[in-house]
1. I'd like the Karplus ³J(HN,Hα) series for region 127-143: coefficients 6.51, -1.76, 1.60, θ = phi - 60°, whole numbers in Hz, and an x wherever there's a Gly or Pro.
2. Hey, of (i) -1.23, -1.27; (ii) -1.06, -1.14; (iii) -0.95, -1.07, which did the structure itself give for log10 I(q)/I(0) by the Debye sum over Cα atoms at q = 0.16, 0.17 Å⁻¹ when calculated?
3. Counting only helical runs of four or more DSSP H residues, what would the 222 nm mean residue ellipticity of the chain come to if each run contributes -39,500 (n - 2.57) and the total is spread over all its residues?
4. Enumerate the calculated ³J(HN,Hα) couplings along region 5-15 in order (Karplus 6.51 cos²θ - 1.76 cosθ + 1.60, θ = phi - 60°), each rounded to whole Hz, writing x wherever the residue is Gly or Pro.
5. To make sure I understand the rule: partners must be aspartates and glutamates, Cα under 12 Å from the Cα of K154, and not fewer than 8 residues away in the same chain. Which ones qualify?
6. Run the reach check for K81 against aspartates and glutamates, Cα to Cα strictly under 17 Å, same-chain hits fewer than 8 apart removed. What comes back?
7. Sorted by mean Cβ packing within 10 Å, highest first, what order do the peptides 140-152, 118-130 take?
8. Among all the lysines, which ones have a C-alpha under 27 Å from K183's C-alpha, if same-chain residues fewer than 8 places away are not counted?
Amino acid sequence: MQIVRAFNAELVYIRAPFPMGKVGLKLKNGVLSPSREQLQQLIAMWGPAAKPGDQARISDIAIKDNYIHFEINGGPVRKQKWYQRIQVQGAGGGTAPLAPSDSSANARGSFVDLYFDHYVPDITGPQLKDLLRPVFDFDAKSAVEAYLETVPPKVKDAIKNHQVLVGMNREMVIYSKGRPPKKVR
């Protein structure tokens, strides 16, 4: 119960890319699966739910037999509100649900499952934060700091010194130099 109370609705910074869809991340003994290549394939197919350095909210926690399930940004399945299921029926016949559901709004979240060997042990909040360190950063002060922990040391020094290196992608250049004041086409 303490885990749910401590982590529900917690704001975290992401340290590993999360794919959208029903395939989330699995963390066991500090090893993240799917592999880097499979993860890039899933992101190319379904899109990213969160990239390293993004801020996310832990929206749901479920403790199962041998793992703990953490959903971020609403999870992979869009949940229906209680008022979207209500139907009114009377002598004149039935009506459709009072509040129509928006079918165009897809779920944009993902999840991570933290696996243990045989059962979920008694664990404290700080211990659980240490176990989730490969995917979540609980104590970053800004998005730039969270992103800097995911890049190599040479790129990290270049971003801190506001320099651009050959091979940097657009995101790295924006973190290094800042957003342009005016976009010229």
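1. In residue order, the calculated couplings are 5, 5, 4, 5, 5, 8, 4, x, 10, 10, 10, 8, 10, 6, 8, 8, 5 Hz.
2. (ii)
3. Theoretical 222 nm ellipticity from helices: -6500 deg cm²/dmol.
4. 5, 6, 9, 5, 6, 7, 7, 9, 9, 8, 10
5. none
6. D60, D102
7. Answer by packing, highest mean first, reads 140-152, 118-130.
8. Answer for K183, where 27 Å is the Cα cut-off: K51, K156, K160, listed by chain and number.
Coordinate-derived values only; no laboratory data. Just so it is clear, the model here is predicted, and its values are computed rather than measured. Quick reminder, even Gly has a Cβ in these numbers, built from the backbone with ideal geometry, and neighbours come from all protein chains shown.
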